[in-house]
1. Enter the Cα centre distance for the pair the range 273-290 and the range 384-450, rounded to the nearest angstrom.
2. Where a Cα-Cα gap under 19 Å defines reach, which lysines qualify for residue 438, not counting those fewer than 8 residues away within the same chain?
3. I need the phi-derived Karplus couplings for the range 227-232: 6.51 cos²θ - 1.76 cosθ + 1.60, θ = phi - 60°, integer Hz, Gly and Pro marked x.
4. For the range 19-95, which chymotrypsin sites (Phe, Trp or Tyr not before Pro) are both in a DSSP coil and crowded by at most 16 other Cβ atoms within 10 Å?
5. Would you grab the residues whose amide H sits under 5 Å from the one on residue 218? Only those 5+ places off in sequence or on another chain, please, with H modelled 1.01 Å from N.
6. Would you please calculate the Kirkwood hydrodynamic radius of the range 183-246 over all C-alpha pairs and express it in Å, rounded to one decimal?
7. Ignoring everything except DSSP H segments at least 4 long, calculate the 222 nm mean residue ellipticity for the chain; use -39,500 (n - 2.57) per segment, divide by total residues, nearest 500.
8. Per residue, how big is the convex hull around the C-alpha atoms of the range 74-213? Give it to me in cubic angstrom, could you?
Amino acid sequence: MTVESNSILFEKTKTSAKLFEKACEVIPGGVTANIKYFAPHPLVMEKGKGSKLFDVDGNEYIDYLLCYGALILGHGHQKILDAVNHQLLEAGTTIFGTPHQLEVTMAEKLIDLYPSVEMVRYTNSGLEATLLAIRTAMAYTGKPKLAKFEGHYHGGYDQVLLSVNPEMDQSGTAQSPNSVPESRGIPDYYVENTIILPFNDLEATEQILRKHAHEIAGVILEPIQGGFIPAEQEFMAGLRRITKELDIVLIFDEVKTGFRVSIGGAQTNYGIKPDLTALGKVLGGGFPIGAIGGKREIMMISAPNSGRDILTAGAENANKEDVLFHSGTYNGHPTILAAGLATINVLEQEGTMEKLFSKTNTLRKQLENVYKNYGLEMQTIGMGSIFNIILAEGTIKNYRDMNKTNTKLRKEIDYELLKLGIYSKPLNRYSMSVVHTKEDIARTVEAHDEAIRRVLK
């Protein structure tokens with residue numbers, strides 16, 4: 001971003017800049033999650049309503065980040081507010097710390113919506129859901145290693161924070177990627193015991209899986225990488241066939257895609273049944289939640305009634321080696337499940353998902369026309385209500401293809417869009433909501449036109 005652009009952004013967001021400086025004194029880097037940062041400073045928001053965000057300087061934005069896709073009903077949807085208030089008033093407490101009816105109600109709903117899900121366990125985030133899914137796969141198969149795909153993100157923990165966005169000079173060949181740590185503090189154990197696979201390359205993936213079949217417990221992947229690069233149908237079908245043959249648990253990380261590309265997730269679109277599915281984001285209606293679901297025989301290894309209790313001194317633990325331990329004080333939080341069920345109820349109303357996808361496609365087509373008018377190589381790629389703007393020609397199949405795109409120009413345009421009231425973190429994907437309007441779309445298209453003219457001068 002240019003010095004001129006810096007000064008303009010600072011001028012419009014002075015209060016954000018001051019609050020960020022203050023935050024840096026008490027919070028490392030001034031943010032509570034690394035993904036919230038961008039230069040010269042992140043924007044500090046004060047309130048949200050519908051499709052809009054309002055920062056502490058009074059600037060209004062059309063929000064396409066939507067809490068990284070979690071807010072499919074937009075900000076402050078009345079159905080969610082009503083469900084949360086009703087749950088709190090009826091229950092008389094925020095949480096029971098015991099089983100309650102909504103746990104069963106939500107589980108039944110997920111079993112109904114997701115073809116592969118026969119039983120459900122709750123967690124407090126999508127990260128925890130993928131973590132539990134991996135542990136479950138290892139407990140079920142008794143094998144020690146995990147395979148994940150290059151460019152895929154499953155949460156910020158040691159086991160999977162590998163080869164998400166590796167430097168090309170460290171990443172190995174396209175057919176046999178290296179395992180590259182993405183953070184300080186990751187033990188060599190995980191680097192050595194996490195096998196990296198090439199996304200959308202079935203031949204190379206099969207070779208690696210067959211070579212290591214005796215030690216791979218599970219394969220985890222985003223069926224749509226980053227929420228916007230779809231797996232090819234042939235690749236998905238082949239991966240399912242191979243993992244079944246080799247006794248490897250197939251895990252779909254649908255934290256991003258669950259409810260967004262279909263109400264039953266990407267697995268519904270592909271007609272593929274994974275062994276385990278991790279969910280989050282939309283499932284909580286804006287509150288923190290995660291869940292895993294899958295085959296009954298796999299899920300049942302976490303059932304505590306067979307004798308596993310590590311937290312009670314003197315408790316009967318005769319079968320402790322046979323049971324997977326999983327716990328969490330806030331798992332299945334009743335207020336959050338009420339918000340999640342309210343969200344699903346809205347999405348299930350006739351025509352809701354169709355209208356959402358139609359609006360998304362309208363925006364995508366109009367944006368492509370704008371860039372074409374300026375002679376720019378641009379395509380939107382994605383599925384359902386998520387897409388990204390790619391400044392490149394040719395098919396984008398995986399992480400390595402993304403390195404061929406013009407991210408410098410994209411970032412310059414994104415910063416201009418921030419000044420014009422279009423919000424997403426620069427270079428991030430776009431997520432649509434049911435409350436984005438035709439006026440929002442028109443204003444967004446106009447802003448892109450203006451942003452391109454400013455950048456190209």
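1. 25
2. 49, 52, 355, 359, 365
3. Those phi angles translate into x, 9, 9, x, 5, 6 Hz.
4. Details: sites: 20, 37, 38, 54, 61, 64, 68; in loops: 37, 38, 64.
Of the chymotrypsin sites (Phe, Trp or Tyr not before Pro), the ones in loops of the range 19-95 whose Cβ has at most 16 other Cβ atoms within 10 Å are 37.
5. Long-range HN contacts for residue 218: 147, 249.
6. Details: mean 1/r = 0.0770 Å⁻¹.
Final number for the Kirkwood radius of the range 183-246 is 13.0 Å.
7. Values: 16 runs with 181 residues, N = 457.
Here the helix-only value at 222 nm equals -12000 deg cm²/dmol.
8. Details: hull volume 26.6 nm³, N = 140.
Dividing the Cα hull volume of the range 74-213 by its residue count gives 190 Å³.
Rule-based calculations on the coordinates, nothing more; no lab input. Keep in mind the model is a prediction, meaning the values are calculated, not measured. Note that each Cβ is placed from the backbone with ideal geometry, even for glycine, and that neighbours are counted across all protein chains shown.
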